[in-house]
Amino acid sequence: MSGPKISVRGLRKSFGRKVVLDGIDIDVGRQESLVIIGGSGTGKSVLIKCIIGLIQPDAGSIKLDGQEVADLGRGDREKTMQKFGMLFQGGALFDSLPVWENVAFGLIQGRGMDRAAAKEIAIRKLAQVGLGAEVGELSPSELSGGMQKRVALARAIAAEPEIVIFDEPTTGLDPIMSDVINELIVKCVKELGITAISITHDMASARKISDRIAMIYKGKIIWTGATAEIDRSGNEYVDQFIHGRATGPIQMEVRAL
Amino acid sequence: MLDFLASVGSVFFAFLTSTGRLAIFAGTALSHCFRPPFYPRLILRQIIDIGYYSLPVVGLTAIFTGMVLALQTYTGFSRFAAESAVSTVVVLSVTRELGPVIAGLMVAGRIGAAIAAELGTMKVTDQIDALSTLSTNPFKYLIVPRLIAGLVTLPVLVLVADIIGVFGGFIVGTYKLGFNPGMYLSRTVDYLQANDVISGLVKAGAFGFVVALMGCYHGYHSKGGAQGVGAATTHAVVSASIMILLCNYLLTALLFANR
């Protein structure tokens, strides 16, 4: 099939009077790794939640493999959600279940797979992210932050989704563990041939895992380009962001309106 | 004056909004009760959590309620030489009214709070969104098992509470007030109709559903970290308690008043 994997046009979402997404246009190619950068509160999380189907947008179109999904009913939307895997910012592991059952959750509950077979796959996925089978028996609260992220990554890829969404994969990790996670993401994207969308404000991570970078500011995409071009974007917003300068066109809003 | 009217109006609208939200939430949850997939293992676990682990606290409140009821009734009734009615008053009060209400309120404190805290924490740590992304409907996986468990376990709990409450009255009646044990028991049974017990159990089912519903609703809609979860827990317990007392009156007035 040709055409982009995901195509978003004119996406809008407001919460009360606050406009969060103000007409987003973006395409994600097949097996491409797109990173969306932007400050806190610029609408990154809302954008990916709209794409995955956790939030219903107010207006605009989201096409998945050329098929419109933005206006689907709840039941059909759940079916398209099966194409996605998501790594949540805080991991969002189920603390009532052991690690292996977390990884196997989508297989057992979502696909109705036999528990024993699902456990085997879970252990294989844990190995892919560098964790031994013995970790599978622990409870998520016994793991360090980096290990929780790895388990969450294993869970996101366990059901072999076509698209994986990474929500701030390196936030809260030390630089070395961040790099480990980055390499795992690159490896998973390459090996599994998935399409990846990540949001982050960690530029080291963004440069490492992306093919292409898009910057979001005040609910609009203000720049997109190949990763190598980000240093000569000629866009002063992008320059300010990637160099982390306090002064520039982007003014921090002290109070969210 | 206009300001005053405006604030009254906005409070009223806020009340209507939240009532509507709750009704939609309840409707969605109920519709999921009848559509597969079902999770019998989760229902069973909730039944154990809600029912079995609530037995001690419900049993203790029931026995003291029965005991104090016998004492108070005796004090009052002996003033016009009607002591012999004590056992009947105890059994009717416990089965028709105090058993369901007190068990309901205790379970609201114990279970409503626990449900709201658990679901609230899952909400603020994205675990509920994570369920959706793993092809699992949060309503079916989290809320339906709790509602069903609340609905079926509370009547059983109340039946146990009824027996323990009557037993509490019996202990006080025979050991402290000097009733003949056989006479006390036969008077307990003589004036008791099946409908007295059944009406209490129907109420209990409604209360169990209300407690689970308020816990789920407030937990599911909590936001804003630890403080939000705390607020959700408080709201769940308070609203469940008020709803129990309100439903208690309505059910009694509508269904059981004339029998």
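Computed from the coordinates by the stated procedures, all read-outs in this text should not be read as laboratory data. Fair warning: this is a prediction, and the values are worked out from it, not measured in the lab. Reconstructed Cβ throughout: ideal geometry from the backbone, glycine too, with neighbour counts over all protein chains shown.
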Under the Karplus curve 6.51 cos²θ - 1.76 cosθ + 1.60, θ = phi - 60°, whole-Hz ³J(HN,Hα) for the range A:213-218, x wherever Gly or Pro sits: 10, 10, 10, 10, 8, 6
Environment charge of residue A:107, counting only residues whose C-beta is closer than 12 Å and scoring Lys/Arg +1, Asp/Glu -1: +2
Estimated dipole of the range B:1-111 in Debye, rounded to 20 [Cβ of Lys and Arg +1, of Asp and Glu -1, Cα centre]: 380 debye
DSSP-defined antiparallel bridges as percent of all bridges, chain A, nearest 5: 55 percent
Computed over chain A: relative contact order in percent, which uses C-alpha pairs under 8 Å that are six or more apart: 25 percent
Debye, to nearest 20: dipole size of the range B:43-256, +1 on Lys, Arg Cβ, -1 on Asp, Glu Cβ: 100 debye
Unsatisfied cross-links (Cα-Cα over 27 Å) in the set A:119/B:223; A:83/B:140; A:208/B:123: A:119/B:223; A:208/B:123
The protein assembly as shown - share of DSSP beta bridges that are antiparallel (%, nearest 5): 55 percent
Charge-dipole axis of the protein assembly as shown as Lys and Arg at +1 and Asp and Glu at -1 on Cβ define it, positive-most pick from B:234, B:71, A:233: B:71
Cβ crowding within 10 Å averaged over residues, with B:164-174, A:67-77 ranked highest first: B:164-174, A:67-77
Taking chain B and dividing mean pair separation by its residue count, relative contact order in percent (alpha carbons under 8 Å, at least six apart): 30 percent
Alpha carbon convex hull of the protein assembly as shown, volume per residue in cubic angstrom: 202 Å³
Directionally averaged projected area (convex hull, Cα atoms, chain B), nm²: 18.2 nm²
At least 18 Å along the helix axis (C-alpha) and Kyte average at least -1.0, DSSP helices within chain B: B:2-33, B:55-77, B:144-171, B:194-220, B:225-251
Lys/Arg +1, Asp/Glu -1 at C-beta; the protein assembly as shown dipole; positive extreme among B:254, A:99, B:22: B:254
Computed [θ] at 222 nm, deg cm²/dmol, chain A (DSSP H ≥ 4; -39,500 (n - 2.57); rounded to nearest 500): -10000 deg cm²/dmol
Placed amide H near residue A:33: partners under 5 Å, 5+ positions off or other chain: A:196, A:211, A:212
